[in-house]
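The values are calculated or read from the model by the stated rules, or taken from the named source; none is laboratory data. Keep in mind that what you see is a predicted model, and the values were worked out from it rather than measured. Virtual Cβ from ideal backbone geometry, glycine too; neighbours counted across all protein chains shown. For accessibility, only protein heavy atoms count, side chains too; no ligands or nucleic acids. Shrake-Rupley method; radii C 1.70, N 1.55, O 1.52, S 1.80 Å.
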Amino acid sequence: MPGLQVRDEHHRVRGVELQPGGGPPTGGGSRLCPCRACAGGLPAVVPASALVGRYVRLAADYRDSGYADVRGTHSFAVEDPCVNALLIVSEHALARIAAETGADPAPHEARAARLTAALVERLWSPADGMFLCRDLVGGELIAERSVAGLVPLIVPGLPQDIVDALLSTATGSGFRLGDVPMAPSYDFEGHAFDPSRYWRGPAWFNTNWLLERGLRQYGRTRAADALRGAMLGAAGASSFAEYVDPVTAEARGTRAFGWTAALTLDLLAASGPAGEGATSHTSNGALS
């Protein structure tokens with residue numbers, strides 16, 4: 001079975017950006033060297049300066065290697081379920097484009113199938129009921145539960161037991177989708193959860209947009225409508241914030257954020273004039 005095709009050699013790829021759980025893998029796996037360049041301290045909404053120093057070192061090492069994605073040459077590398085789910089969906093889109101233009105969709109369909117099988121084989125954690133990142137240096141799954149592990153709901157053709165488990169995890173106490181307006185970026189019960197700290201808790205519009213598509217794909221129309229309505233409400237009330245508090249939907253980060261506005265337009269277009277058809281979030285809305 002071939003491995004997944006996209007690896008994160010540094011942190012500036014969504015999914016492990018500012019790794020939720022206190023930074024990148026450590027211990028017997030990926031090795032990181034702290035940097036003192038950022039020792040002056042940072043606002044509470046971004047990671048501690050010691051971690052930022054590590055990210056600077058990773059970026060510098062990647063630059064110095066000529067950005068070569070050669071396995072074994074980097075001190076940090078992971079396979080991420082969110083990034084690979086997006087790659088799989090892109091292959092399906094390319095297959096449809098090929099069919100429409102008279103080209104052969106088969107290579108894209110075959111690659112999507114191979115990547116889906118590898119995603120399940122390498123990153124699925126039955127015990128967690130979700131996908132996890134895999135540390136390519138140490139070889140183990142990284143025991144941090146972020147929304148990246150739910151995003152593969154956008155992948156068509158997942159085994160039904162995995163779909164059911166993902167939905168159960170999404171609605172469970174860790175992510176509370178259907179109980180809170182939007183899914184948090186990190187497990188509510190995780191040791192590093194912080195509702196204001198970047199990818200360690202706040203709800204982001206881009207990941208919830210992906211979850212909305214995944215819910216709809218697997219027939220959870222009411223749940224998708226509720227999430228869509230919550231996103232539209234939060235976007236307007238927060239002046240299109242970069243991200244929001246996962247419980248109160250209070251604005252966090254930058255306002256008038258480009259992708260929040262763009263995704264709002266997409267949701268409005270999909271739900272008809274003035275958002276018709278999108279239901280409002282209710283505190284006891286269950287997924288169905």
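Using the Karplus relation 6.51 cos²θ - 1.76 cosθ + 1.60 with θ = phi - 60°, the per-residue 3J(HN,Hα) values for the range 157-171 come to x, 5, x, 4, 5, 6, 4, 4, 5, 4, 5, 5, 5, 4, 8 Hz, with x marking Gly and Pro.
The residues packed around residue 195, meaning those with a beta-carbon under 15 Å from its beta-carbon, carry a net charge of -3 if Lys and Arg are +1 and Asp and Glu are -1. On the range 181-269, 56 percent of the accessible area sits on carbon and sulfur atoms, based on a 1.4 Å probe.
The residues of the range 156-223 have, on average, 36 Å² of accessible surface per residue, using a 1.4 Å probe with all protein chains present. One decimal place: the segment residue 248-residue 127 gains 40.6 nm when fully extended, by the rule 0.36 nm per residue minus the C-alpha distance. As a rough guide to protection, the peptides 211-219, 87-95, 58-66 ranked by mean Cβ packing within 10 Å, highest first, stand as 211-219, 87-95, 58-66. With an a/c value of 1.5 or above and a/b not larger than b/c for the gyration tensor axes a ≥ b ≥ c computed over the alpha-carbon atoms, the range 113-169 is described as oblate.
For the range 76-136, what class follows from the C-alpha gyration tensor (a ≥ b ≥ c being the square roots of its eigenvalues): rounded when a/c is under 1.5, otherwise prolate if a/b is larger than b/c, else oblate? Because a/c hits 1.5 or more and a/b exceeds b/c, the range 76-136 counts as prolate.
Fully extending the segment from residue 255 to residue 101 would add 51.4 nm, taking 0.36 nm per residue of separation and subtracting the current Cα-Cα distance. Here the 3J(HN,Hα) profile of the range 247-254, calculated from phi with Karplus coefficients 6.51, -1.76 and 1.60 at θ = phi - 60°, is 9, 8, 6, 5, 4, 9, x, 6 Hz, Gly and Pro shown as x. Model label points for residue 222 and residue 239, set 7 angstrom from Cα along the Cα-to-Cβ axis, are 3.7 nm apart.
Split the accessible area of the range 95-151 by element, probe 1.4 Å, and carbon with sulfur accounts for 54%. Over all other residues within a Cβ to Cβ distance under 11 Å of residue 222, the charged ones net out to +2, with Lys and Arg as +1 and Asp and Glu as -1. If R0 is taken as 51 Å, the Cβ-Cβ distance between residue 60 and residue 269 corresponds to a FRET efficiency of 0.75.
If the chain linking residue 262 and residue 194 were pulled fully straight, counting 0.36 nm for each residue of separation and taking away their Cα-Cα distance, it would gain 21.8 nm.
Between residue 117 and residue 69, what FRET efficiency follows from the Cβ-Cβ distance if R0 is 22 Å, with the result rounded to 0.05? Computed FRET efficiency for residue 117 and residue 69 comes out at 0.55.
Amide H contacts of residue 125: 130, 131, 132, each under 5 Å away and 5 or more positions distant or on a separate chain (H built 1.01 Å from N in the peptide plane; Pro and chain starts excluded).
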